[in-house]
Amino acid sequence: MNQLYVVGIGPGEYSFLTLEAERVLKDSEIIAGYTVYVNLAKRYFSDKEFIVTGMRQEKKRCHMALEAASQGKKVCVVCSGDAGVYGMAGLLMEMGMAYPTVEITVVAGITAAISGAAVLGAPLGHDFAAISLSDLMTPWEQIAKRLAAAAAADFCICLYNPASKRRSDYLHRACRILLEQQQPETICGVVRNIGREGQKRQILPLSELAAAEVDMFTTVFIGNSQTKVVRGQMVTPRGYEI
């Protein structure tokens, strides 16, 4: 069987790679991915051949990677964070049905929910939901239902893709929904450029979250009813007696 790896590279800095991801990237002949993520990998693996496509060319990218793997090349498709969390792992497996000689292996990476949480403290210490605000693949109506349900259940919530040039008001929309279920003083956190140059963090109440500066490189955390600030860090207790 020919082998294709789909690898989560975490936030992008070398120190955030898992040992398995590092090994696979070193052993590969071709690294494929979205322009931004390939550029991150190029800094450390510049001797490789690269397959690069832009936004909304996911199927083309996967097809090119599968074709190369079917020809016996050692191919690695890179995704930011974890390849199975809003990444290419699922699409590659679906498209891989047409390439029976290619075996697809997923290599875990550190997703933004985990790396961003570490920057803030311990905001995901109890049950939580991860929700993307991008409506490119999911209708806004479905996103809104999930936001309302997670807030009503008092989950901590991690928001991916909170805003873009086309969706500049989506975090505002999300906050309106959350405030129907949660208190205005609910503790929230925002982390931009996790693990990269220019990393910034902010802890603020839900009542002020809509005004926070966010983009596609930002991850937003909404605490539950028990979340608090401890020495400048966002903490959601698990319930241990202290």
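The H on the amide N of Ala32, modeled in the peptide plane, is under 5 Å from the matching H of Ile51, Cys76, Val77, Val78, each at least 5 residues off or on a different chain.
Considering only Cα atoms, the convex hull volume of region 125-242 works out to 109 Å³ per residue. The peptide list 235-242, 174-181, 105-112, 137-144, put in order of mean Cβ contacts within 10 Å with the highest first, becomes 105-112, 174-181, 137-144, 235-242. Using 0.36 nm per residue and subtracting the Cα-Cα separation, the extra length available between His63 and Asp127 on full extension is 19.4 nm. Charge dipole (Cα centre; +1 on Lys/Arg Cβ, -1 on Asp/Glu Cβ; no other charges) of the chain amounts to roughly 440 debye. The charge dipole of region 1-112, taken about its Cα centre with unit charges on the Cβ of Lys, Arg, Asp and Glu (plus for the first two, minus for the last two), comes to roughly 280 debye. Here's the picture: charge each Lys and Arg Cβ at +1 and each Asp and Glu Cβ at -1 in the chain, and of Ala89, Tyr44, Phe16 the one pushed furthest to the positive end of that dipole is Tyr44.
Neighbours of Tyr44 by Cβ distance under 12 Å: Lys/Arg scored +1, Asp/Glu scored -1, total +1. Over all pairs of different C-alpha atoms, the chain has a mean inverse distance whose reciprocal, the Kirkwood radius, equals 18.9 Å. Whole-percent P(r), region 1-45, all Cα pairs, 5 Å bins from 0: 5, 22, 37, 26, 7, 3, 1. The length gained by stretching the chain between Gln199 and Glu103 to full extension, at 0.36 nm per residue less their Cα-Cα distance, is 30.9 nm. Residue order by solvent-accessible surface for Leu91, Leu204 is Leu91, Leu204, largest first, with ligands and nucleic acids left out and a 1.4 Å probe.
For region 95-101, putting each phi into the Karplus relation 6.51 cos²θ - 1.76 cosθ + 1.60 with θ = phi - 60° gives couplings of 5, x, 4, 7, 10, x, 8 Hz, in residue order, rounded to whole numbers and with x for Gly and Pro. Take 185-191, 42-48 and order them by the average number of nearby Cβ atoms within 10 Å per residue, most first; the result is 185-191, 42-48.
Within the set of other residues whose C-beta is less than 13 Å from the C-beta of Ala129, count the net charge using Lys and Arg as +1 and Asp and Glu as -1. Once positives and negatives cancel, what remains is 0. Counting charges near Ala144 (Lys, Arg +1; Asp, Glu -1) among other residues having Cβ under 11 Å from its Cβ returns a value of +1. Legend: distances between Cα atoms for Lys60/Lys165; Lys48/Lys200; Lys59/Lys165; Lys145/Lys165; Lys42/Lys73; pairs beyond 27 Å are Lys48/Lys200. Placing unit charges on each Cβ (+1 for Lys and Arg, -1 for Asp and Glu) gives region 187-240 a dipole about its Cα centre, and among Phe221, Gln202, Gly239 the Cα reaching farthest toward its positive end belongs to Gly239.
The values are calculated or read from the model by the stated rules, or taken from the named source; none is laboratory data. Note that this is a predicted model, so its numbers are computed, not measured. FYI the Cβ positions are ideal-geometry reconstructions off the backbone, even for glycines, and counts take in every protein chain you see. To get the accessible areas, we keep the full protein, side chains included, count just its heavy atoms, and leave off ligands, DNA and RNA. Shrake-Rupley method; radii C 1.70, N 1.55, O 1.52, S 1.80 Å.
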